[in-house]
Amino acid sequence: MSEFCDVLIVGSGPAGLAAAIYTARANFKTIVFEKESLGGQPSNTELFENYPGFEEGIAGAELAANMIGQATNQGVQLEFAEVQGITLNQDKTITVLTNAGEYLCRAILNAGGAKPKKLGVPGEEDLAGQGVIYCAFCDGSSFYGKEIVVAGGGDSAITEALLLSRIAEKITLIELMPDLLACQILQERAFAESKISIRCGLQIVAIHGDDQVKAIKLRDIKTGETEILDAEGILVSIGRQPNTDYLGDAVPLDKGDQIIVNEYMETEIPGVYAAGDIRSKSPRQVSTACGDGTNAALAIIRYLQSN
């Protein structure tokens, strides 16, 4: 028999937890599913300097722990499970299939965030975990004293390169675009760090190595010329792909596979919502994810009260 709840939330990041706090406080039975680590992306982020209320910044793990504690204090039920599919029923309930069993809910909030995008080049899959990593905070210790590459020029890539500069001997940051995309203050920090060398207008076309990364093959975007850059590892930080595979064609997605919602985080399907990095046009910031979750929760409460 399916376990029943009023609100089922996929993902325990800031969007999911913010929503859960509101729906649980409104006395709706709320279950949050997480397939990896509780707290979502903040759990794997060293420091947030732009989250309101913390003038010196706050460690990502601490922020995530505070959110988790607040949610559980409100009676939110946290479960480790991976959602594998949803079915929309004629009676307006939603059946959610997970690897831990089947659940039935009146409303579902998709807040599962996104996973790191991959380069999709030869050698990447074969050398994953053997010098190819996607999270400096999680796996950067393996780069101690090494010469490495960071792929990407956005805020996340620069932040992780700065973190790795405490560990690695030398970092070459490779950006496909002609210029870095990160905010000005992060660019200034990166250019000021002697261990970081920044090269733009280059495409990574292959990762070489046998049982460990040995070199990166690069192509100049303008000239087409290629070169081999010796490296003992590579951190890939080129963006994130929304975790929407489990939805199939049940919910409309945009061209980037993000869930299409209105200003209330509602999809076109009654009882189905999305918030955070997984929703269309998301700014992908912790503060806006919390706002998304709150907005979605208020819409869910209105929906449940009228149905």
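The values are calculated or read from the model by the stated rules, or taken from the named source; none is laboratory data. Just so you know, these numbers come straight off a predicted model, no measurement behind them. A quick note on method: Cβ atoms are made from the backbone with ideal geometry, for glycine too, and the neighbour counts reach across all protein chains shown. Side chains included, ligands, DNA and RNA excluded: accessible areas come from the protein's heavy atoms. Shrake-Rupley method; radii C 1.70, N 1.55, O 1.52, S 1.80 Å.
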Checklist entry - So how many Å³ per residue does the convex hull of the Cα atoms of the chain work out to? => result 140 Å³
Checklist entry - Where in the range 134-235 are there chymotrypsin sites (Phe, Trp or Tyr not before Pro) that are in a DSSP coil and have at most 14 other Cβ atoms within 10 angstrom of their Cβ? => result TYR144
Checklist entry - With Cβ to Cβ distances under 15 Å as the rule, what net charge do the other residues near ARG199 carry (K, R +1; D, E -1)? => result -3
Checklist entry - Among the listed pairs LYS217/LYS255; LYS118/LYS214; LYS117/LYS195; LYS35/LYS118, which are separated by more than 22 Å between their Cα atoms? => result LYS217/LYS255; LYS117/LYS195
Checklist entry - Between LEU235, THR172, GLY271, whose Cα lies farthest towards the positive end of the dipole of the range 153-272 when Lys and Arg beta carbons carry +1 and Asp and Glu beta carbons carry -1, centred on the Cα centre? => result THR172
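Heavy atoms only, probe 1.4 Å: what % of the accessible area of the chain goes to carbon and sulfur, would you let me know? Write down the numbers at each step before the final one.
Details: 7030 of 14860 Å².
Here it works out to 47 percent.
If a helix is a whole DSSP H run, which ones in the chain reach 27 Å or further along their own axis (Cα) and hold a mean Kyte-Doolittle hydropathy of at least 0.0?
Those that pass (Cα extent of 27 Å or more, hydropathy at least 0.0) are 286-306.
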Item to check | Candidates ALA64, ALA100, ALA111: whichever shows maximal mean-square fluctuation once the chain is modelled as a Gaussian network with Cα springs under 10 Å | outcome: ALA100
Checklist outcome for this item: With only helices counted (DSSP H, runs n ≥ 4, each -39500 (n - 2.57)), the per-residue ellipticity at 222 nm for the chain, to the nearest 500, works out to -7000 deg cm²/dmol
Item to check | Shape call, the range 21-134: gyration tensor on alpha carbons, a/c limit 1.5 | outcome: oblate
Checklist entry - Which percent, nearest 5, of DSSP beta bridges in the range 155-307 are antiparallel? => result 70 percent
